[in-house]
Ligand code: ADP
Ligand code: MG
């Protein structure tokens, strides 16, 4: 019964996210559609056309950002749970974000020690790491150091993501994970951290944050391990 309750909760979290995503994507698409309709009207002046086209573009970019924060690794399949090795998933996400880190002149140090497996949804865990690492890189607009570690402890798999970026005030840290909270203006969705917290909670993990303005930020995540030898029931 307990396992069933856990799974139901996981599914609820996923369904809630699904509803939020379609809302977040529909808004910019509806706006873009409005401008496309205006463009279809024959008597629209040339200058207006250029303006409408750039508005269509920025609305589509905003939809694209929402998709990136929620759905980068989603496959059109039902949530699938399996044993996951966090060091492998971190390596995967770092590889994907290497070009992005280069754009920001961010140097990445990987200290990935093998950790015991945890049990959960691989795509979601990747999304969670992607959002954290992306934020870390974005916090270093003129370059810096990003250190990503996996650390084995007897009962937990631990992940540390440390940047030398702009850091956060106490107030900013308190608001982390609040939907739409962003300090990045039109370049932010304010959804990335909400997705991170929702995923970590669904996986019975824990997040700690330390930050200092002008010095940097460290996120420490822990997840209960679930070795492959101890198969959970009914899965
Ligand atoms: P977005 O990245 O779209 O702004 P997020 O939900 O991913 O939205 O992050 C919310 C806010 O949290 C960011 O706008 C930023 O102010 C703050 N933040 C998150 N991670 C970091 C970090 N590593 N360093 C500094 N600030 C951060
Ligand atoms: Mg973000």
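Coordinate-derived values only; no laboratory data. Predicted, not measured: the structure shown is a model, and the values here were computed from it. Methodologically, a virtual Cβ is constructed for each residue, glycine included, from the backbone with ideal geometry; neighbour enumeration extends over all protein chains shown.
Quick notes on this one:
- Computed lengthening from residue 204 to residue 145, 0.36 nm per intervening residue step minus Cα-Cα distance: 18.3 nm
- Theoretical ellipticity at 222 nm over the chain - DSSP helices of four or more residues, -39500 (n - 2.57) apiece, nearest 500: -17000 deg cm²/dmol
- Efficiency of FRET between residue 197 and residue 36 - r from beta-carbon atoms, R0 45 angstrom, step 0.05: 0.80
- Inter-label distance for residue 88 and residue 180, nm, one decimal - labels placed 7 Å from Cα along Cα-to-Cβ: 4.0 nm
- Set against the 2.2 N^0.38 Å expectation for a compact globular protein, the range 95-235 has a Cα radius of gyration ratio of 1.07.
- Overall form of the chain per C-alpha gyration tensor (a/c, 1.5; a/b vs b/c): oblate
- Point-to-point label distance, residue 109-residue 67, nm (Cα→Cβ direction, 7 Å offset): 3.7 nm
- Here the Gaussian network model covers the chain, with springs between Cα atoms less than 10 Å apart; of 207, 96, 67, 96 fluctuates the most.
- For the chain, the longest principal axis of the alpha carbon atoms and the long axis of helix 86-103 meet at an angle near 30°.
- The range 84-168: C-alpha gyration tensor shape, a/c 1.5 cut-off, then a/b vs b/c: prolate
- Most to least packed among 215-225, 55-65 [average Cβ atoms within 10 Å]: 215-225, 55-65
- Relative to the longest principal axis of the Cα atoms of the chain, helix 2-40 runs at roughly 20 degrees.
- Cα-based helix-to-principal-axis angle, 46-71 vs the chain, degrees rounded to 10: 10 degrees
- FRET E, pair residue 53, residue 155, Förster distance 35 Å, beta-carbon r, rounded to 0.05: 0.05
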